[in-house]
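To start, the structure itself, in structure tokens.
Derivation of every value follows stated rules applied to the coordinates shown; laboratory data play no part. These numbers were taken from a predicted model, which means no experiment stands behind them. With ideal geometry, Cβ positions are generated from the backbone for all residues, glycine too; neighbour counts draw on all protein chains shown.
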């Protein structure tokens with residue numbers, strides 16, 4: 001069963017969107033490499049008070065960790081450019097069977 005990886009960072013969501021717009025080839029390259037490592041789904045989210053959250057679905061935690069280690073030299077400068085100063089701490093979540101699922105049919 002796949003895992004959800006979340007990572008919450010203090011940074012500037014607007015700067016992240018601008019960085020992505022100005023560096024679309026780099027962003028796409030990172031995403032393509034993530035897919036090679038098994039990435040199932042990916043999104044960035046931001047708040048008005050300077051929080052950025054990454055939400056991914058991966059086959060397992062190890063797939064993400066291999067990807068993140070391999071791409072650190074490209075991900076690090078992106079994070080720095082958007083004001084992230086803390087060390088990223090990914091969290092891995094497993095789906096709980098509670099009988100009240102909505103959406104993500106077929107998974």
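Do the sum for the chain: with -39,500 (n - 2.57) for every DSSP H run of n ≥ 4, divided by all residues, what is the mean residue ellipticity at 222 nm, to the nearest 500 deg cm²/dmol?
-12000 deg cm²/dmol
For the chain, find the longest principal axis of its Cα atoms and tell me its angle to the long axis of helix 72-81, 0 to 90°, nearest 10.
Taking Cα atoms only, the helix is inclined about 60 degrees.
Using 0.36 nm per residue, how much length does the chain from residue 74 to residue 36 gain when fully extended, once their Cα-Cα distance is taken away?
12.1 nm
Give the relative contact order (percent, whole number) for the chain; include only Cα pairs under 8 Å separated by 6+ residues.
In percent, rounded to a whole number, it is 44.
Rounded to the nearest 10 degrees, what's the angle between the helix 61-70 long axis and the longest principal axis of the chain, both from Cα atoms, 0 to 90?
Taking the Cα atoms of the chain, the angle to 61-70 is about 20 degrees.
Order 79-85, 43-49 from most to least packed using the mean count of other Cβ atoms within 10 Å.
Answer by packing, highest mean first, reads 79-85, 43-49.
For residue 85 and residue 18, what is the calculated FRET efficiency with R₀ set at 22 Å and r taken between the beta-carbons, to the nearest 0.05?
0.75
Tell me, what is a quarter of the convex hull surface for the C-alpha atoms of the chain, in nm² with one decimal?
7.5
If I fit a long axis through the Cα atoms of helix 13-22 and take the longest principal axis of the Cα atoms of the chain, what angle between them do I get, 0 to 90°, rounded to 10?
The angle comes out at about 70 degrees.
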